[in-house]
Amino acid sequence: MRRLLLYIVILSTGIIFLARLFYLQVINTSMFLRSQDNAIEIEYNYPQRGYIYDRNNDLMVSNQPSYDVMVIPRNLKAFDTLEFSKILDITPDELVNKIDKAKIYSPLLPSVVVPQLTKTEYAYLQEKMRKYEGFYIQKRSLRDYQVDHSANILGFIAQVNQKTINENQYYISGDLIGRRGVEAVYEEQLRGKKGVNYIQKDRFNREIGPYKDGIYDTLPEKGKDITISIDSKLQGYGEKLMQNKRGGIIALEPSSGEILSMITAPSYDPSDLVGRKRSPNFSKMWRDTIARPLYDRSILAEYPPGSPFKTLNALIGLQENVVDIDDTFSCNNGFHYGRGRRMGCHPHRSPLAMVSGIAKSCNAYFANVYLRILDKYSTPQEGIDTWKNHVQSFGIGDYLGSDLSTGRPGKVPDSEYYNSIYEYPKYRWGSAATISNAIGQGEVLMTPIQLANMTATIANRGHYYTPHLLTHVDGKPITNEKFTEKKNTTIDPKHFEPVVEGMHQVYTDGTARTLQIPGIEIAGKTGTAENFTRIDGERVQLTDHSIFVAFAPVDDPKIAIAVFVENGYWGSRYAGKIASLMIEKYLKDEITRTDLEDWILSHSLEEEYAKPLSEEPFRINQ
Amino acid sequence: MAKNKSGFDWITILIYLLLVGFGWANIYSASLGANSPDGFLNMDTPYGRQALFITLSIFLIIVILSIEAKFYQRFSSVMYAISLISLAGLFIFGSTIAGQTAWYVIGPVSLQPAEFAKAATALAIAKYVSGIQVNLKEFKHQIRIFIIICLPVLLVMLQPDAGSALIYFGFIFPLYREGLHFAYLLLGFFAAFLFVATLAFGIPWVIAGIILIGISIFLKNRKKRPTILKYIFLMAVAVGFSLSVNYVFENVFKQHHRDRFNIVLGKEVDSRGIGYNTNQSEIAIGSGGLLGKGWTEGTQTKGHFVPEQHTDYIFSTVGEEWGFLGSAVLITLFILLFLRLLFLAERQRSQFNRVYGYSLIGILFMHFLVNIGMVIGIFPTVGIPLPFLSYGGSGLWAFTALLFIFIKLDSERMSFF
């Protein structure tokens, strides 16, 4: 027994020590993090962000140096708060607040105190900084915009938020990250890679050399320059035309799917979101919930497509073999169906066959074709689902899969949708109940980019390429199968010619004959879409949206365009003029129809937009 | 039976060499600086000097093993006397370094007699206990042994060096082995427990605990008709001890003593001031992880975040650079050494050898317990070295002498003298 005591004491001590060590070294890993924190300091070198060029290699976005005042709370020594806050041009409370926040974020990692000083502010501060230990100036590069347009395409860069820091190891507080647009989508290419130096510190926080002789250190890698498919001049021109209007324009190159222009109105100058003025400007635009300058209508707004959608119904009718191009339908100021119901139409000669049906945009013609498509099948459910499959093959009703930072799917109704709203099988519904789809007015919703893509598909006679922006990275063309793969529709290419001819006659003989451009053969289609809003809970109709789609030249299409102008009334009034001007600008680089240009530039729709807000009765479609 | 010259215990010697070698590697890493001169043997660096100390230990070992075993028994009293005189002489001739009058400085050499006093005391106790008429159950002998231990303890306390004095508690192991009553051990254990409990939980809780435990034992034994007075007396003594601990802690201890205890008890977190050593040492060890950062790659070690890292805190370098694996191997090596020495001590025929062996284990174990306990944050900060690993000539030589005297005694255990 007396011999055992020491054995027991020795062995139990050994076990306790091993258990404690196991806890310290294997279980409780927070010790490890603390060690990384106090022995190793990480120093970052930020590379230049990549430049952005347009399709003609015109520089759109470059960089300018900017300077952030940073703090590492652990390194702080007592200092004169009042004096320093005066130098920084902030209140002492703000300064103390910032330091407290920085301590909460991390006592050892840098946090921003005052972001984005200008060169002159920096020069003044640089001399004074030495007095204030724990503070230093971090050089970064900010965007320098060479253009005053394209804000919705380019997006902007901003300080990374806490959520991103938590999700992505690469970012630390104060880093800049692309938000929205190309800056966000191609963030990884543009940002490059920041360089890291690991510095071994001693217990007095003095640097004693690189950690592990710098084997983990990296040099910053410059961001890659990218080229986007936007035609900067066309974009700028389009934005100018859209001033004092609301709406969206998309112009595509049909043979590649490249986006030539992507315009939303109202928009803003991208330089407004740079540097210290970014935050107030952003809040101001964010709070404008009426005009919504930060809302990209060209890719987000889902409008009823109106008459341009008729071209699709013509194609489906031909493909389903329910209509021949020579079949005529009469129009008696509209289409009569059911018990005394009527879908109105404007006056034109009657009866009409397909080509002139498109040119004159006859509602009755397309109501007949649409009903024939659905009634070909034994039930309206089957009919509408067949119709929907054709429509969807044009990229409508789902996300396009483009390289834009955001988007909307639009809407194509199917049997499930009508079953649900008509409470099938309790009640039955017939094909006539969906008749508005014939003229693109009912349940169908499309974004401008979907409408432009549909137009490009018709221009291509039956196929499209996914619309996209990126064309080159560091001067080398990209190879992304998503964008080079040809997407065929369910419509046989041979059926497109009559539709194209119809669209051509829209210009020569139809609803847009006043918009012809000398020397360019254009195919287009006007659209006038009814739309509604709610005022005090009541459904109120507003002035129609003006819509226009077009492509040119007819035989070798170089540009396909879709224009939506909110409350612009009939199609050729605003949208048609803008589309024609942009086509001429792109193909000829000069404007011969200055009469159209003057009219557009001098007409504003602000009055129209103010009507529903005036709280007074108002008239529409004047 | 003839002397067996080659009867040295090679297992112990091998463990000794491993510990000393590993110790030097860690001292090298811990004292390596950006401006360190080239060469392992540069005398301006701790690792260079430690290499010299190790070389000199080899000579010391040869000398110790060459002397006849009888010598240590015969001259143990003389060595004890010499060590007492050298301790006392410190107050006249000694030098004061960092507040402690613990050093003789002769030219470039400085010696710490307290380190050697442990070995001398071990010899003296072995000699006394192995006397023919000595019986540890008798109070007279208990008092004399108490005095033998307390003389060096007093002199060491006066330096003041409470850490070294603490080591003398290790002599409880040989004395218990040789017949000291179990009650002394129990008493010591309870005193220690009450001491810690009082500081950790405060007087009210401890008194409540004492009363609760007292009553429950009383109720459990009530069929035996225990006398209530006896229980009340014992409880009163316990409460009185607890109160006096509190008094001593609050009124006798200095603030830095109190701080050291409070940090271990988790009552105070001050990683900048007094808690700095423990905190940094735990960070260094914790950052080693499972496999460690590799020799000379420890970032905490390189940054010299742990004070005294090459001396008392050498284990934190082990923890950081060799990880849990290396630390576990080192702890296992120490445990193996203790178990081997226990085995050797038990196989001795002479009582002198056995008592000396147990004293050796007691001293080494106390160092191991207090030093590593302190470095890994489960023992208050007490500045004593880790045997064979910590930097320092006096320490290394004293431990070497202590160990190799026993190896010599063991090698001649079969001879009669």
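The values are calculated or read from the model by the stated rules, or taken from the named source; none is laboratory data. Computed from a predicted structure; not experimentally measured. Neighbour counts run over all protein chains shown; Cβ positions are idealised from the backbone, glycine included.
Tell me which residues, restricted to the stretch B:312-335, are hydroxyl-bearing (S, T, Y), in a helix (DSSP H, G or I) and more than 7 Å from chain A (Cβ to nearest Cβ).
Those that are hydroxyl-bearing (S, T, Y), in a helix (DSSP H, G or I) and more than 7 Å from chain A (Cβ to nearest Cβ): B:S316, B:T317, B:T332.
Does at least one position in the stretch A:178-186 carry a residue that is closer than 30 Å to A:A39 by Cα and in contact with a strand residue (DSSP E or B) (Cβ under 7 Å, 6 or more places away or on another chain)?
No.
Would you please list the contacts, defined by Cβ atoms under 6 Å and residues six or more apart or on different chains, that run from a residue in the stretch A:116-127 that is hydroxyl-bearing (S, T, Y) to a residue that is not in a helix (DSSP H, G or I)?
A:Y122/A:Y67
Residue-by-condition table, conditions (1) out of contact with any Lys or Arg (no Cβ under 7 Å at 6 or more places or on another chain); (2) in contact (Cβ under 8 Å) with a residue 24 or more places away in the chain; (3) farther than 21 Å from A:Y365 by Cα; (4) not acidic (D, E):
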position	(1), (2), (3), (4)
A:W387	yes, yes, no, yes
A:S393	yes, yes, yes, yes
A:L400	yes, yes, yes, yes
A:Y417	yes, yes, yes, yes
A:E443	no, yes, no, no
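Looking at A:A529, is it at pLDDT 85 or above and of a type in the set (A, V, I, L, M, F, W, C)?
Spelling it out, A:A529 is indeed at pLDDT 85 or above and of a type in the set (A, V, I, L, M, F, W, C).
Could you tell me how many of the residues in the stretch B:369-403 are of a type outside the set (A, V, I, L, M), crowded, with 23+ Cβ neighbours inside 10 Å and part of a helix (DSSP H, G or I)?
4
Looking at the structure I just gave you, is A:T457 within 30 Å of A:Y53 (Cβ to Cβ) and surrounded by fewer than 16 Cβ atoms within 10 Å (Cβ to Cβ)?
no
Could you tell me which numbered condition B:L187 fails, if it satisfies all but one of (1) in the same structural domain as B:G240 (by TED's automatic domain parsing); (2) surrounded by 18 or more Cβ atoms within 10 Å (Cβ to Cβ)?
Only one criterion in (1) in the same structural domain as B:G240 (by TED's automatic domain parsing); (2) surrounded by 18 or more Cβ atoms within 10 Å (Cβ to Cβ) is unmet by B:L187, namely (2).
Any residue at all in the stretch B:349-360 that is under 13 Å from the mean Cα position of the chain (by Cα), more than 25 Å from B:G303 (Cα to Cα), within 13 Å of chain A (Cβ to nearest Cβ) and surrounded by 24 or more Cβ atoms within 10 Å (Cβ to Cβ)?
yes
It is to be established whether one or more residues within the stretch A:105-117 are farther than 19 Å from A:R276 by Cα, touching a helix residue (DSSP H, G or I) at 6+ places or on another chain (Cβ under 7 Å) and not small (G, A, S).
Yes, there is a match, as at least one residue in the stretch A:105-117 is farther than 19 Å from A:R276 by Cα, touching a helix residue (DSSP H, G or I) at 6+ places or on another chain (Cβ under 7 Å) and not small (G, A, S).
Name the residues in the stretch A:12-51 that are facing chain B (nearest Cβ under 7 Å) and at pLDDT 80 or above, would you?
Answer for the stretch A:12-51, where residues must be facing chain B (nearest Cβ under 7 Å) and at pLDDT 80 or above: A:T13, A:G14, A:F17, A:L18, A:R20, A:L21, A:F22, A:L24, A:Q25, A:V26.
Which condition number does B:M374 fail, the rest of (1) more than 7 Å from every other protein chain (Cβ to nearest Cβ); (2) modelled with pLDDT of 95 or more being met?
Result: B:M374 passes all but (2).
Give just the number: which of (1) in a loop (DSSP other than H, G, I, E, B); (2) under 32 Å from the mean Cα position of the chain (by Cα) does A:L108 not satisfy?
Going through (1) in a loop (DSSP other than H, G, I, E, B); (2) under 32 Å from the mean Cα position of the chain (by Cα) one by one, A:L108 breaks only (2).
Hey, among the residues in the stretch A:461-498 that are of a type in the set (A, V, I, L, M) and closer than 14 Å to A:S229 by Cα, which one's surrounded by the most Cβ atoms within 10 Å (Cβ to Cβ)?
Out of the qualifying residues, it is A:L469.
Where residues in the stretch B:283-301 are assigned to a loop (DSSP other than H, G, I, E, B) and hydrophobic (A, V, I, L, M, F, W, C), which of them is farthest from the other protein chains (Cβ to nearest Cβ)?
In this case the residue turns out to be B:W295.
Go over the candidates A:I435, A:I373 one by one and state the one that is among the β-branched types (V, I, T), within 23 Å of A:N488 (Cα to Cα) and touching a residue at least 24 places away in the same chain (Cβ under 8 Å).
The match here is A:I373.
For the stretch B:49-107, give me the residue count where each residue is among the hydroxyl-bearing types (S, T, Y) and part of a helix (DSSP H, G or I).
9
Can you tell me how many residues in the stretch A:179-232 are in a helix (DSSP H, G or I) and either surrounded by 18 or more Cβ atoms within 10 Å (Cβ to Cβ) or more than 12 Å from chain B (Cβ to nearest Cβ) (or both)?
So the answer is 13.
Can we say A:A456 is modelled with pLDDT of 85 or more and touching a strand residue (DSSP E or B) at 6+ places or on another chain (Cβ under 7 Å)?
yes
Name the residues in the stretch B:145-182 that are within 14 Å of chain A (Cβ to nearest Cβ) and in a helix (DSSP H, G or I), would you?
B:F169, B:G170, B:F171, B:I172, B:F173, B:P174, B:L175, B:Y176, B:R177, B:F182
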